[in-house]
Amino acid sequence: GAVVSQHPSRVICKSGTSVKIECRSLDFQATTMFWYRQFPKKSLMLMATSNEGSKATYEQGVEKDKFLINHASLTLSTLTVTSAHPEDSSFYICSAPFSGTGDTQYFGPGTRLTVL
Amino acid sequence: SQELEQSPQSLIVQEGKNLTINCTSSKTLYGLYWYKQKYGEGLIFLMMLQKGGEEKSHEKITAKLDEKKQQSSLHITASQPSHAGIYLCGADMGGGSNYKLTFGKGTLLTVNP
């Protein structure tokens, strides 16, 4: 199947700093990518839809100024957590649909963010 | 309320036993995905079902979508320790082509050798 990568896999930062997470589709192009957040023992919560060439679409309750999304190219989307706080600590996962296998969504390996 | 209900929440089976995980919605599901996740890792795609009554199999895992497209089951035959993990069902509940998925809370499977 298609491959989606994320970088970094783990990041620890101080409160008040910003952290950028990259999501790349390695062998296919993705005009749309999705960013999810997962709390321990909880399901995935869709945060936003990243659109190449246009603004991201945020789900209700997600602060767009807090979670900046930039879809820089057809293979790269970035999520920047600005002025991070300990409550932002979570597991962030991105996904991208691959039409080659019937619009299957492929997920990245996730990024564990810990804010001290 | 949860749009996608998964049951059971957790399951412990002996190696070699069969098991079934269910995913139910009160709404029509336009695409139903099954994923497996190891804790702290990404999601591994297992299967996608779109048509009512559809059934797919891969190795020892079979997934079905009912005719009404509101319920799906994942069945593992002769379970092995390698099957252990969190199984998540995700669904396109909007009917459009925006690929947005809603997920159930997951089922934690433990397979004892």
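The values are calculated or read from the model by the stated rules, or taken from the named source; none is laboratory data. From a predicted model like this one, the values you see are computed outputs, not experimental measurements. Note: ideal-geometry Cβ built from the backbone for every residue, glycine included; neighbour counts use all protein chains shown.
Say we look at the stretch B:70-113 and pick out the residues that are of a type in the set (Val, Ile, Thr) and either in contact with a Phe, Trp or Tyr (Cβ under 8 Å, 6 or more places away or on another chain) or part of a strand (DSSP E or B) (or both); which of these is nearest to A:Gln105 (Cα to Cα)? Quick ask: steps written out before the conclusion?
Step one: filter the stretch B:70-113 for residues of a type in the set (Val, Ile, Thr), giving B:76-77, B:86, B:102, B:107, B:110-111.
Keeping just the survivors that are either in contact with a Phe, Trp or Tyr (Cβ under 8 Å, 6 or more places away or on another chain) or part of a strand (DSSP E or B) (or both) gives B:76, B:86, B:102, B:107, B:110-111.
Working: B:Ile76: 22, B:Ile86: 17, B:Thr102: 12, B:Thr107: 20, B:Thr110: 26, B:Val111: 27 Å.
Selected residue: B:Thr102.
Is it the case, given these coordinates, that B:Glu67 is over 12 Å from B:Leu88 (Cα atoms), assigned to a loop (DSSP other than H, G, I, E, B) and within 14 Å of another protein chain (Cβ to nearest Cβ)?
Values: over 12 Å from B:Leu88 (Cα atoms): yes; assigned to a loop (DSSP other than H, G, I, E, B): yes; within 14 Å of another protein chain (Cβ to nearest Cβ): no.
Criteria not met by B:Glu67.
Pick out the one residue from B:Lys56, B:Lys27, B:Lys36, B:Lys17 that is at pLDDT below 90 and among the charged types (D, E, K, R).
After ruling out the rest, the residue left standing is B:Lys27.
Looking for something without any contact (Cβ under 8 Å) to a residue 24 or more places away in the chain and assigned to a strand (DSSP E or B) - is there at least one such residue anywhere in the stretch A:19-30?
Scanning the stretch A:19-30, I find no residue that is without any contact (Cβ under 8 Å) to a residue 24 or more places away in the chain and assigned to a strand (DSSP E or B), so the answer is no.
In the stretch A:85-112, how many residues are away from chain B (no Cβ under 12 Å) and either among the hydroxyl-bearing types (Ser, Thr, Tyr) or more than 15 Å from the chain's Cα centre (by Cα) (or both)?
Matching residues across the stretch A:85-112 total 5.
In the set A:Met33, A:Met45, which member is at negative phi and touching a residue at least 60 places away in the same chain (Cβ under 8 Å)? Let's see the steps before the verdict.
Numbers: A:Met45 fails: touching a residue at least 60 places away in the same chain (Cβ under 8 Å).
From the options A:Met33, A:Met45, the qualifying one is A:Met33.
Touching a residue at least 24 places away in the same chain (Cβ under 8 Å), assigned to a strand (DSSP E or B), in contact with a strand residue (DSSP E or B) (Cβ under 9 Å, 6 or more places away or on another chain) and among the aliphatic types (A, V, I, L, M): which single residue out of A:Ala96, A:Ala84, A:Ala72 fits that description? Give the derivation first.
Working: A:Ala84 fails: assigned to a strand (DSSP E or B); A:Ala72 fails: touching a residue at least 24 places away in the same chain (Cβ under 8 Å).
Exactly one residue qualifies, and that residue is A:Ala96.
Can you name the residue in the stretch B:51-64 that is within 14 Å of chain A (Cβ to nearest Cβ) and in a strand (DSSP E or B) and, of all such residues, is nearest to the chain's Cα centre (by Cα)?
Quick first cut of the stretch B:51-64, residues within 14 Å of chain A (Cβ to nearest Cβ) only: B:51, B:54, B:56, B:58, B:63.
Retained after the next criterion (residues that are in a strand (DSSP E or B)): B:56, B:58, B:63.
On the way: B:Lys56: 12, B:His58: 13, B:Ala63: 7 Å.
Looking at the filtered set, the residue picked out is B:Ala63.
Between a residue in the stretch B:71-85 that is touching a residue at least 60 places away in the same chain (Cβ under 8 Å) and any residue that is among the β-branched types (Val, Ile, Thr), which pairs come within a Cβ distance under 8 Å, given they are 6 or more apart or on different chains?
The qualifying pairs are B:Ser79/B:Val13; B:Ser79/B:Val111; B:Gln80/B:Val111; B:Pro81/B:Val111.
Away from chain B (no Cβ under 13 Å), in contact with a strand residue (DSSP E or B) (Cβ under 9 Å, 6 or more places away or on another chain) and buried (at least 22 other Cβ atoms within 10 Å of the Cβ): does that describe A:Val115?
no
Filter the stretch B:6-31 down to the residues that are under 15 Å from B:Lys69 (Cβ atoms) and touching a residue at least 60 places away in the same chain (Cβ under 8 Å) and list them by number.
Residues satisfying the conditions are B:Cys23, B:Ser25, B:Lys27, B:Thr28, B:Leu29, B:Tyr30, B:Gly31.
Restricting to the stretch A:63-104, count the residues that are farther than 27 Å from A:Lys41 by Cα, surrounded by 16 or more Cβ atoms within 10 Å (Cβ to Cβ) and of a type in the set (Ser, Thr, Tyr).
1
Can you tell which of B:Gly85, B:Gly40 is more than 8 Å from chain A (Cβ to nearest Cβ) and surrounded by fewer than 21 Cβ atoms within 10 Å (Cβ to Cβ)?
Answer to the selection: B:Gly85.
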